[in-house]
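Engineer: Before anything else, here's the structure in question.
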Amino acid sequence: MQSSVNTSHTTLVGVGSAHGDDQVGWLVLREIEPHAPSDIRIVYARTPVDVLHVPATSRLVVVDSCLGAGAEGTIHHWRWPDVPALVQRPRNSHDWDLFEVLRLQEMLRPAPAASSTPAAAVSVWGIEVALSQPRQTVAPHLSEALRPAIRTAALQILGELCHA
Amino acid sequence: MTEERVIHVEALARVEGEGALTIRVRDKRVEEVQLRIFEPPRLFEAFLRGRRIEEVPDITARICGICPVAYQMSTVHALEAALDVTVPRSIRQLRRLLYCGEWIESHALHMHLLQAPDFLGYDSGLSMAQDFPREVTRGLTIKKYGNEILEVLGGRAIHPVNVAVGGFHRLPRREELTALLPHLQEGLALSIEVASWVSRLNFPAFTPSYEWVALVHPDEYPMNEGVITSRTGEAWLVNDYETAFEEIHLPHTTALQSRRSGRGTPYFVGPIARLNLNWDRLHPIARQTADGLGIAWPTSNPFHGIVARALEVIHAFAESIELIQHYQPTIPARQEYSLRDAEGCAATEAPRGLLYHRYRINREGTVDFAKIVPPTSQNQAQIEEDLRSWVTTLLDHDDRHIAQQCEFLIRNYDPCISCATHFLRVTIDRREESCSPP
């Protein structure tokens, strides 16, 4: 992977953990990190609400695992706020999900560059996972089916970072 | 003619529970109030049977994503009571620090995103954020600083993994904790601002007579230890919890409701009860702040819960700073213990109130029996009593307003079912019936 385009004030956030398929957000970042433009801020987040604490940025790119909008390994790309309602359906009540966080972020801190790049201010990448169902063991390893998707998503996101 | 009004609040499925409310009013009299809570945490008692005691703190932590530390703390103290383990002062202090982190993050979330919108006339934290971005940002910052304590000491912010029977799996290095101090100092200043802000909210005039119940400790604001104490002046050792309080089944709910044994009366646990019964043990910075807020403590107004939480957040920040300043890592991180057939119980103060656990274990090191009584089920009967009185004052209003006000009242208790801002969806069933005179 190579990059040369200046992408100042861009923040790339991976939401994930060190466990099972939930790792995908972090693993995509690890693929991108060695090749990313040097002025991109990279944040490994544990929960969606961590996105609220990302310093002001003109472009925010978030990658997270997702569930229920396609087959395992499917890569989704949405430009906030144009996200299908199905995907925005809240799935937990203990904390805020990613789309609630993005809505809250809009209220609290409109993207500084919204006037110049309104459509690309927030970009969301989701990778469909399978091992997140109740009664399934959270494995320390990643599902094999996700490895190609992680590589593909990393390349696509890197393309966005370098050419947008 | 008899007029009957039935206000239904339909059940909504949530990850951690379901809530529903039915109020039946006949001829301007509240005939029936039923708050139904279906609590998945109950299933954990069965999950625990046969599991190794080392696994229990990590399993019970999964009962709640906001207050996992409370479940871990009650678990390890109950198991340590069974195993006759006494943890050293340094471990005890670290556990208080962990609890402080949880109180901060849990209270901050509740105050800013769940309860404040009720006072300010918004239907959600999101809609409130548009007009109060500074306050919401401040609340989220405070929550983040609480989470940072959990991350460093617990291994992660949600469902921490570092708590062990006998101590911790790993003790933090001193510099890991001191690195938190700048944020904790800032959090203390921010929380004092929050207390001032919430004390200026418009509190409904509603002051029922409550039996407050909380732990009371001779030397400190209660978290992990103490005597269970009532406003009535009665007190019980934790071992006697189940003689003083009983759980009963009611036909309208799958959750058990706690009441005072023998009397069948409800009681009130949570921040207001803690504060009312432990005022002189609150950190001096919190007390000093409270003195300027214009609210007289003890208070019987449940709507003052938001102020009680703000004062507890001040306490938690102030105590966290002191604990870290005096922290020296101890070896070992965990006390050794010998397995045996035994039983032990513990009560700690979760953000929402008293949380009681009892376990029976065997010499193979597995659990034979577990009993968990969360604060929400202890408050459930009191919430129904409150609703009965509260609705009586609202009968001249339309059903929508009554339902809104009921939610407002229920959220004072910060029940787990209100983790989502709008947990109650309301449908109204109006019925009028003509009756022949006798």
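Engineer: Output the residues belonging to the range B:143-166 that are more than 9 Å from every other protein chain (Cβ to nearest Cβ) and among the aliphatic types (A, V, I, L, M). Reasoning before the result, please.
Structural biologist: Residues of the range B:143-166 more than 9 Å from every other protein chain (Cβ to nearest Cβ): B:145-146, B:148-150, B:152-155, B:159-166.
B:Ile149, B:Leu150, B:Val152, B:Leu153, B:Val161, B:Val163, B:Ala164, B:Val165, listed by residue number.
Engineer: Kindly evaluate B:Leu114 against the criterion of being under 23 Å from B:Glu193 (Cβ atoms) and buried (at least 19 other Cβ atoms within 10 Å of the Cβ). So that I can check it myself, show each step before the final result.
Structural biologist: Values: under 23 Å from B:Glu193 (Cβ atoms): yes; buried (at least 19 other Cβ atoms within 10 Å of the Cβ): yes.
Criteria met by B:Leu114.
Engineer: So how many residues does the range B:156-179 have that are over 25 Å from the mean Cα position of the chain (by Cα) and either crowded, with 22+ Cβ neighbours inside 10 Å or of a type outside the set (D, E, K, R) (or both)? Before the answer, list the steps.
Structural biologist: Going through the range B:156-179, the residues over 25 Å from the mean Cα position of the chain (by Cα) turn out to be B:169-179.
With the extra rule that they be either crowded, with 22+ Cβ neighbours inside 10 Å or of a type outside the set (D, E, K, R) (or both), the set shrinks to B:169, B:171-172, B:177-179.
Residues that pass the stated criteria total 6.
Engineer: Quick check: is even one residue across the range B:183-192 more than 14 Å from chain A (Cβ to nearest Cβ), under 25 Å from B:Gly65 (Cβ atoms) and outside any helix (DSSP H, G or I)?
Structural biologist: No, the range B:183-192 contains no residue that is more than 14 Å from chain A (Cβ to nearest Cβ), under 25 Å from B:Gly65 (Cβ atoms) and outside any helix (DSSP H, G or I).
Engineer: Among the candidates B:Leu98, B:Leu140, B:Leu94, which residue alone is in a helix (DSSP H, G or I) and within 11 Å of chain A (Cβ to nearest Cβ)?
Structural biologist: B:Leu140
Engineer: Tell me, which helices (runs of 4 or more DSSP H) lie completely within the range B:261-341 with 3 or more residues that are in contact with a helix residue (DSSP H, G or I) (Cβ under 8 Å, 6 or more places away or on another chain) and under 29 Å from B:Ala244 (Cα atoms)? Before you say what the answer is, go through the steps one by one.
Structural biologist: Details: elements: B:271-277, B:284-291, B:305-325.
The qualifying helices (runs of 4 or more DSSP H) are B:271-277, B:305-325.
Engineer: I would also like to ask the following. What's the total number of residues in the range B:20-71 that are at pLDDT below 90 and not in a helix (DSSP H, G or I)?
Structural biologist: 24
Engineer: Restricting attention to the range B:229-248, which residues are within 21 Å of B:Ile410 (Cα to Cα) and exposed (fewer than 14 other Cβ atoms within 10 Å of the Cβ)? Please lay out each step first, then the result.
Structural biologist: Quick first cut of the range B:229-248, residues within 21 Å of B:Ile410 (Cα to Cα) only: B:247-248.
Of everything in the range B:229-248, just one residue is within 21 Å of B:Ile410 (Cα to Cα) and exposed (fewer than 14 other Cβ atoms within 10 Å of the Cβ), namely B:Ile248.
Engineer: Next question. Consider only pairs whose beta carbons are under 7 Å apart and that are at least six residues apart or on different chains; among these, list those whose first residue lies in the range A:32-50 and is away from chain B (no Cβ under 14 Å) and touching a residue at least 12 places away in the same chain (Cβ under 8 Å) and whose second residue is part of a loop (DSSP other than H, G, I, E, B) and of a type in the set (D, E, K, R).
Structural biologist: none
Engineer: Something else: Quick one: is B:Leu424 at pLDDT 90 or above and surrounded by 17 or more Cβ atoms within 10 Å (Cβ to Cβ)? Walk me through how you get there before you give the answer.
Structural biologist: Details: at pLDDT 90 or above: no; surrounded by 17 or more Cβ atoms within 10 Å (Cβ to Cβ): yes.
Criteria not met by B:Leu424.
The values are calculated or read from the model by the stated rules, or taken from the named source; none is laboratory data. Because the structure is predicted, anything quoted here is derived from the model rather than measured. In this analysis, Cβ positions are derived from the backbone assuming ideal geometry, glycine residues included, and neighbour counts consider all displayed protein chains.
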